[in-house]
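To keep things clear, I will list the structure first and then write my remarks on it.
The values are calculated or read from the model by the stated rules, or taken from the named source; none is laboratory data. A quick note: this is a predicted structure, and the numbers were derived from the prediction, not measured. Note that each Cβ is placed from the backbone with ideal geometry, even for glycine, and that neighbours are counted across all protein chains shown. In case anyone asks, the SASA skips ligands and DNA or RNA and just uses the protein heavy atoms, side chains included. Shrake-Rupley method; radii C 1.70, N 1.55, O 1.52, S 1.80 Å.
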Amino acid sequence: MDPNLSSLLSSPDTSNQSQVLIYFNQLLTAPNGWMLCADTIKESNTYDQHVIFFCLRILEEFSKTRYSQESADNKLFFRKLLLSWLEQSSSPQPSFILNKKCQIFIHVFLQDYPDYWPSFFSDILSYLTSYSHEPTQLYLHILLYMNDEVMDKSIPRSLEDQQRANLIKDNMREGCISQLVESWIQILIDSTSFTPETLCTTLRVVGLYTQWIDLPYIINSRFLDIFLQLLGKEETRISVVETFQGIVNKGMERSSKLKLIEMLTELLIRAGVFQTNNSDTDFDLDFELSKFLNLTGSQLVTACQSAVKENNQPTAAHPFLTSLHRVFSYICTMLQSEDDGVSENILPCVISYVSLFKSHRELLVEESYRNVMTLLLICFEKLKFDESHDFANEGENEVLFLDYRRELRVLFSTISLLLPQLVLSEVDKLLSHVIDRLTVLQYMDVEVVLYLIYLSDESIPWKHPQLGDELSNTWNMILNRLLDSSLALYPHEAVSYQFLENLVRFVPFIKANTGYLPLVLSSFLDERGVKNSNPRVRSRACFLLTRFLKDFKLSLKDISLDLLNGVLQVFDGGLIRDSQLGVEDLRFLYESAGTLIMFSSTPQGDKGSLIQSLLTPILDQFTLTFNTLHTQLLQLPQNHVPVPAGIVDLSRTLCNLMRLASFASKCVSSQQVAEETGCSHVFLHLLEHFSKILAIPMQQDTLQEGFRPFLHRMVIILGAEFLPFLPELLTRLLHVPTQTGPQECCILLNQIVAAHPNRTGPHLEQLLSPCITSVMTALSSMHKPDYDPNVLFDLVKSYLSLSHTLVHNSTLVEHLIQLPSSSLHSFLSSLIQILLSYSKPILQKQVVSIIKVILVLIDKFPVPLIEFTFQHLLPALFLTPAKRSFDLKDGLTSLLLNDILNASRLIILKDKALATFLTETYLPSLCIQPELTRQYFTLINQNEIDFKTMKNEFVLFYSKLQSLYDL
């Protein structure tokens, strides 16, 4: 071995690492390299750990790749080398050395056992004569690795690997299991001679191997005494519980499983591991016990279900249910544990327990009813927030609790569906208790009752058709008591937040009891809602108010103006900069204000003045901010980099003001509504002022975030009145320095031509030309360094959506075919260019579908344009699947090929002369072989075969074409 290897391995220098890699490969390929490493490992006391690991890596590669090809003598030598590791120095080995040795053992085991090394296990055990610590650890880890590689059924394996695993297990059952079991007993009996780590590893092996060996090997008096002894030791009792989980997981008949569960549970009870003294709780032990109880309890519930189903009588489930009830107190202890992880472990068991009675109500006897009642009360307690919960800065602990709370919701819902009257009665009692003692209770006690009322409606909806009078009366009492109480005034954000959620949840109740409406709405608008000191509550109140008003818009006529004044007082003239509310909150408030105006009792013609009064502060602040920005831009040196923070802030303010105007306009649903309410001129005035932002030479990305949504709203509100602005807006939008400008132009134009085809048709050339130019320019820039594929994809997608609208609207088609030849030429050329230049099947398919519609209309085009279309379109259709970037095996491209074949055949049928053009001119220019040309037209002209066969033949044709030519 190279004497410098140790220093090279520990050196961070890359050149030294390169030398190590070269030396590694030399040893790996040298015939006797592995023997040199074997000798080095035998002298492990001479070399440091890095050298030993290096040699083990060589041996690992050898065992995987070359061992099977070695001579019998070399194999025997290698096996003896492995066995010698079990009798070498008993000094502790690092885990990376131990793991590597185990991996080498397993590689040889998988190749040699049972055919070539049938004595594998007896050989290993013969070297463990003294059961000293280090050799025993190696032996146990070999068994663990063997389980992972062979026995573990949770790991997906090929059929060949499964067959090999079954062969290995069959041979082990016949030949060595009794020896292995005896070795485990010897280790566990002599517990004072081994570290707790070794004992725990042995127990883990026992739990894993019990899955497939005969149960009497483990469930016998010797092992049970050992388990009981180890349960009394703090260092090993958790591992014993884990072992029990592995034993219980073993598949067996129901009655045998029942006896096994009762035996192991009794052993745990005798050992006293179920703790009742919370001051001295071992949560790690409880964590494993809860997993054990969950596993056994779930299996007993499954046994109950299958027993009732098979025997068709409830009494068949009694033995399993009785066994579960014996440990139910321990299950409840785990469920109400202070550690939510322990409680969460047991949840699947208790949920399945309650679900059992939903399926078989005849099993819900008095004891079961009491147990479900106990679970409900525990659920009430566990749903409470912890006093230390940080709502402002939720960290990992808070997130974990919220996840746990969602799991508890499932339990609560299951109990509610089983016993709805019980749940509502208990919630009602808790609500009365909280209302009576509101001033002395902590916030979590108040919040939980609100949350329980909220959850109850998910399982037992108010006014459900099948609810019945008793449940309906209970619901009415709960909700009347809730709304008449002062719960919403409790000074904590969690209570305020949940109260507002409840108001929106119970909209149907408030609709049926409209006397509560003013009270509820005031809750949204005062300190309990949008004026709350907590920003989280304020934000939620703004959003929920919008939702609430949408449900009640037809009931607001008499109170809407008072509510509107309340909303406007919240603005307090601050709008963006001075408001305590965020921009998103103001968005929802403006939307709410617009809703209140539209559904108020104000005469329809006077609503425009209210809209104007709502939007005037926005326009005033916009004008002031724009003038300030304009002044700062004039003072800014040319090409100043970076953009000053003041300009960035002003641009963002302008953007936000335009977004607020857009949300306020959502109350106007159409041009007709705008005309009836007299607010069209208000929005035209806003449009005139907002359009000024297009002249600002910087920060257009930010400004467009607010301007584009406003334009789309104006298309809806102004309708035909918007058309005079459109040509200039499109031109200016295309010239603003943003990447998404052309895409937004296509989207805007598509929206307006679809809504007003008659009014936009005569101006189609003026409107369409800028979009065509922008697309062609973008396609030509695909090979530039600053090319952004995502921006181009969005642009082409928007343009094709516009093109689809143009060719599928009969009114627009009439105007389209009357365009000048140059404009039509550009339009068709853009489609052909996208088809050839842009290798995205989803967009190419859209192009071909548009082309197919055009081909149906082609006879209405001027003759020169028809010739141009055919002479350029058919070659494009031929070339698209011939490119190597066209994946003929992909499902989407297969559909695209169908469309291409249809379109190609349609063109050939319309102009037979094109065949001559392709055969004599175009295809020869691509150096396509005449034989392939003839094959192409033979396939195109076939009418006798079905289309699927023709497509398959075309796939073969284009596969051959792609392999021969790089088109």
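Please find the FRET efficiency linking Asn758 to Val507, where r is the Cβ-Cβ separation and R0 is fixed at 41 Å, and quote it to the nearest 0.05. According to the calculation, E is roughly 0.50. Charge tally for Arg659 (other residues, Cβ to Cβ under 14 Å; Lys, Arg +1; Asp, Glu -1): +1. Taking square-rooted eigenvalues a ≥ b ≥ c of the alpha carbon gyration tensor, is region 380-525 rounded, prolate or oblate, where a/c under 1.5 means rounded and, failing that, a/b exceeding b/c means prolate? Judged from the Cα gyration tensor, region 380-525 comes out oblate (a/c at least 1.5, b/c at or above a/b). In order along region 291-308, the phi-based Karplus estimate (6.51 cos²θ - 1.76 cosθ + 1.60, θ = phi - 60°) of 3J(HN,Hα) comes to 5, 5, 5, 5, 5, 5, x, 4, 5, 5, 5, 4, 5, 4, 4, 5, 5, 5 Hz; Gly and Pro are listed as x.
Taking 0.36 nm per residue of separation and subtracting the Cα-Cα distance, full extension of the segment from Gln638 to Leu159 would add 165.2 nm. Can you work out the PRE-style zone for Ile866? Point 7 Å along Cα to Cβ, and I want the residues of region 815-840 with backbone N under 20 Å. What the label zone holds, given the 20 Å backbone N cut-off, is 815-829.
In a fully extended conformation the segment linking Lys910 and Ile269 would gain 221.8 nm over its present Cα-Cα distance, using 0.36 nm per residue. Between region 583-602 and region 227-246, the C-alpha centres lie 65 angstrom from each other. Which one is right for this structure if Rg and Dmax of the Cα atoms in Å is calculated from it: (1) 38.0, 127; (2) 44.6, 148; (3) 39.3, 105? From the options (1) 38.0, 127; (2) 44.6, 148; (3) 39.3, 105, the structure gives (3).
Within the same chain, aspartates and glutamates fewer than 8 places from Lys75 are excluded, and of the rest, those with a Cα less than 16 Å from its Cα are Asp39, Glu60, Glu61, Asp112, Asp115, Asp123. Extension gain for the segment Gln766 to Glu197, taken as residue separation times 0.36 nm less the Cα-Cα distance, is 196.6 nm to one decimal. Remark on region 444-528: Rg and Dmax equal 12.7, 38 Å (Cα only).
When the Cα positions of Leu489, Ser609, Leu83 are compared along the charge dipole of the chain, Ser609 comes out farthest toward the positive end, with charges on each C-beta of Lys, Arg, Asp and Glu. Once the C-beta distance of Phe283 and Asp890 is scaled by a Förster radius of 56 Å, the resulting FRET efficiency is 0.55 to the nearest 0.05. Per-residue ellipticity at 222 nm from helix content only, as computed over the chain with -39500 (n - 2.57) for each DSSP H run of at least four residues, stands at -23000 deg cm²/dmol.
So what J values fall out for region 905-919 if you push phi through Karplus, 6.51 cos²θ - 1.76 cosθ + 1.60 with θ = phi - 60°, rounded to Hz, Gly and Pro as x? Residue by residue, region 905-919 yields 5, 5, 5, 4, 5, 7, 9, 5, 5, 5, 4, 5, 4, 5, 5 Hz. Straight-line cross-link partners of Lys257 among the lysines, defined as a Cα under 21 Å from its Cα and at least 8 positions apart when in the same chain: Lys153, Lys291, Lys309. Considering only Leu471, Leu873, Phe509, and ranking their Cα positions along the charge dipole of the chain that arises from unit charges at the beta-carbon of Lys, Arg, Asp and Glu, the one farthest toward the positive end is Leu873. For the listed residue pairs Lys840/Lys951; Lys101/Lys233; Lys883/Lys910; Lys852/Lys960; Lys382/Lys429, the alpha carbons are over 23 angstrom apart in Lys101/Lys233; Lys883/Lys910; Lys852/Lys960. Summing Lys and Arg as +1 and Asp and Glu as -1 over all other residues whose Cβ lies under 14 Å from the Cβ of Leu231 gives a net charge of -4. Quick one: dipole size for region 362-401, taken about the Cα centre, charges +1 on Lys/Arg Cβ and -1 on Asp/Glu Cβ, in debye to the nearest 20. That gives a dipole near 180 debye. If you bin all the Cα-Cα distances of region 299-343 at 10 Å, starting from zero, the percentages per bin are 28, 36, 24, 11, 1.
The distance linking region 279-336 with region 698-718 is 61 Å (Cα centroid to Cα centroid, whole angstrom).
In this label model, Thr29 and Ser329 are separated by 7.4 nm, measuring between points 7 Å along each Cα→Cβ vector.
Hey, what did the chain get for relative contact order, percent, Cα under 8 Å, at least 6 apart? Averaging sequence separation for qualifying contacts and normalising by length gives 4 percent for the chain.
Charge dipole (Cα centre; +1 on Lys/Arg Cβ, -1 on Asp/Glu Cβ; no other charges) of region 453-536 amounts to roughly 200 debye.
The translational diffusion coefficient of region 704-838, from Stokes-Einstein at 25 °C and 0.890 mPa s with a Kirkwood hydrodynamic radius over alpha carbon pairs, comes to 162 µm²/s. Oblate is the label for region 763-910. Its Cα gyration tensor axes, ordered a ≥ b ≥ c, give a/c of at least 1.5 and b/c at or above a/b. Compute the FRET efficiency between Lys692 and Asp786 as 1/(1 + (r/R0)^6), taking r as their Cβ-Cβ distance and R0 = 30 Å, and round to the nearest 0.05. After rounding to 0.05, the efficiency reads 0.55.
Placing a label point 7 Å from the Cα of His712 along the Cα-to-Cβ direction, none of the residues of region 589-616 has a backbone N under 14 Å of that point. Give the shape of region 285-380 as rounded, prolate or oblate, defined through the alpha-carbon gyration tensor: a ≥ b ≥ c are the square roots of its eigenvalues, a/c under 1.5 means rounded, and otherwise the shape is prolate if a/b is larger than b/c and oblate if not. Prolate, because a/c is 1.5 or more and a/b exceeds b/c. Amide H contacts under 5 Å for Asp911: none, restricted to partners 5 or more places along the chain or on a different chain, H placed in the peptide plane at 1.01 Å from N.
This model, with +1 at the C-beta of Lys and Arg and -1 at the C-beta of Asp and Glu, gives the chain a dipole about its Cα centre of some 2680 debye. Round to a whole angstrom and tell me the spacing of the C-alpha centers of region 89-158 and region 521-547. What the calculation gives is 65 Å, centre to centre. Between the listed residues Gln299, Ile378, Leu411, the Cα displaced farthest toward the positive end of the dipole of region 289-412, a dipole computed from Cβ unit charges relative to the Cα centre, is found at Gln299. Here the Karplus curve 6.51 cos²θ - 1.76 cosθ + 1.60, taken at θ = phi - 60°, turns the phi angles of region 955-962 into couplings of 4, 5, 4, 6, 4, 5, 5, 5 Hz, with x standing for Gly and Pro. With a cut-off of 13 Å between beta carbons, the residues surrounding Leu431 carry a summed charge of -3, where Lys and Arg count +1 and Asp and Glu -1.
Take Glu43: with every protein chain present and a 1.4 Å probe, its accessible area is about 90 Å². Counting only aspartates and glutamates at least 8 places from Lys553 when in the same chain, those with an alpha carbon closer than 17 Å to its own are Asp562, Glu591.
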